[in-house]
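Down below is the structure, laid out as structure tokens.
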Amino acid sequence: MIPSMPPREGQLGFLYLPPFRIQGISVAGEQTVIQVPELDLCFDMGQCTRASLSAPTIALSHCHMDHLGGLPYWFSQRQFQKIGTGRCVCHPRAAEPLRAMMRAWIDLELQRTPHEIIALEPDSDFELKNNLFLRAIETSHTAPSLGFVVIERRSKLKDEFHDLPQDRLRDLKQQGVEITRTIEIPLVAYTGDTEPGPFLFRDEFANAKVIISECTFFESEHRSRAKIGKHLHVNDLSSLLQVWKAEYVVLTHISRRTAIPFARECVTTMDGGAHAHRVHLLMDFRTNKQRYERQVAEAEDRAELPQKSVVERDVEIHETNG
Ligand SMILES: [Zn+2]
Ligand SMILES: [Zn+2]
């Protein structure tokens, strides 16, 4: 009897939630790495996937191994492939132990891997790129933990100046009058591992366009597990989904014990199916693939329309000429 081949592993979950791609792997206790290429950002680094190397920044929610295990390798691969020093934004209590971990690697490898570890205080912002900021929000888990929200800052003309002509506005600006105010638009929020708490109802979460949320447990007999491990249970989601206005909610960190079709069933029937259209499971490969194929087909249909009209115009020209 010939032994069977080992199972293929490591397929990335993928969702295109315009304008963002959410891609990565997330299974409770095993690994979580979730990349948003459009933001040049990766949430957590439980395993260093090839795709995640292109993100220059990791927002590390907490230091459980399933969220952190790939970090030194990620720093090292960024260096090996000469794509620049990676940076990791983390809870202030995690920063020094992480630096110590990287120092230990120097003793092991007898070479220093360039890395940048940035402690981000809860309620403060870190600039990712022009007008895009990463805000840390303290959450509650069995290790010091942060959730994150990526916020876009836009300056808007103050209401009282709306009716003024351009040259008058220019004059005011030259006189040093502050004619604009800054507004904040929360784009993508990430809960990390956490138990439910008031922090998840904050404006940044309530108004985010996309929320990536952990939801570790679904079975009703797993409620006590969720409580002990300080995780979210699907029953906690209902009240959150009533407050979260997000167009898309992506559930991650689902326990291996839970069958994906059962988890899907739970979220599509919750609150009479009220959230079925906007809640997705990152690791639901089948449903997500079908959804993506629909998106591709719809995009192709849209692209065909102008071509058709060109053909129609040609026919018209031909007819008038003929
Ligand atoms: Zn975890
Ligand atoms: Zn954890």
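The values are calculated or read from the model by the stated rules, or taken from the named source; none is laboratory data. Quantities reported herein were computed from a predicted structural model and do not represent experimental measurements. Here the Cβ is made from the backbone with ideal geometry for all residues, glycine too, and neighbour counts use every protein chain on show. To get the accessible areas, we keep the full protein, side chains included, count just its heavy atoms, and leave off ligands, DNA and RNA. Shrake-Rupley method; radii C 1.70, N 1.55, O 1.52, S 1.80 Å.
Taking the conditions exactly as written (within 27 Å of R202 (Cα to Cα), surrounded by 12 or more Cβ atoms within 10 Å (Cβ to Cβ) and charged (D, E, K, R)), does E152 satisfy them or not? Against the criterion (within 27 Å of R202 (Cα to Cα), surrounded by 12 or more Cβ atoms within 10 Å (Cβ to Cβ) and charged (D, E, K, R)), E152 qualifies.
So that you can scan it fast, the table gives a plain yes or no per residue for (1) in contact with a Leu (Cβ under 9 Å, 6 or more places away or on another chain); (2) more than 16 Å from ligand 1 (Cβ to nearest atom); (3) open to solvent by 80 Å² or more (accessible area, probe 1.4 Å):
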| position | (1), (2), (3) |
| --- | --- |
| R202 | no, yes, no |
| F205 | yes, yes, no |
| E247 | yes, yes, yes |
| K289 | no, yes, yes |
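Considering the stretch 130-140, the residues that are surrounded by fewer than 23 Cβ atoms within 10 Å (Cβ to Cβ) and outside any strand (DSSP E or B) include one that is nearest to ligand 2 (Cβ to nearest atom), namely S140.
Evaluate the following for S61: is it in a helix (DSSP H, G or I), of a type outside the set (D, E, K, R) and touching a residue at least 24 places away in the same chain (Cβ under 8 Å)? Taking the combined requirement at face value, the residue does not satisfy it. Pairs meeting the criteria (first residue in the stretch 17-33 and among the acidic types (D, E), second residue within 16 Å of ligand 1 (Cβ to nearest atom), beta carbons under 6 Å, at least 6 apart or on different chains) are E30/D66. Restricting attention to the stretch 208-221 and to residues that are more than 15 Å from ligand 1 (Cβ to nearest atom) and more than 26 Å from I151 (Cβ to Cβ), the residue that is surrounded by the fewest Cβ atoms within 10 Å (Cβ to Cβ) turns out to be E221. Checking D163, D193 one by one, the residue that is in a loop (DSSP other than H, G, I, E, B) and either under 15 Å from the mean Cα position of the chain (by Cα) or surrounded by 17 or more Cβ atoms within 10 Å (Cβ to Cβ) (or both) is D193 and no other. In the set (1) open to solvent by 50 Å² or more (accessible area, probe 1.4 Å); (2) within 16 Å of ligand 1 (Cβ to nearest atom); (3) assigned to a strand (DSSP E or B); (4) not aliphatic (A, V, I, L, M), T32 fails one condition alone, (1). The condition of being open to solvent by 70 Å² or more (accessible area, probe 1.4 Å), out of contact with any Lys or Arg (no Cβ under 9 Å at 6 or more places or on another chain), at pLDDT 95 or above and within 16 Å of ligand 1 (Cβ to nearest atom) holds for only one of I228, I254, that being I228.
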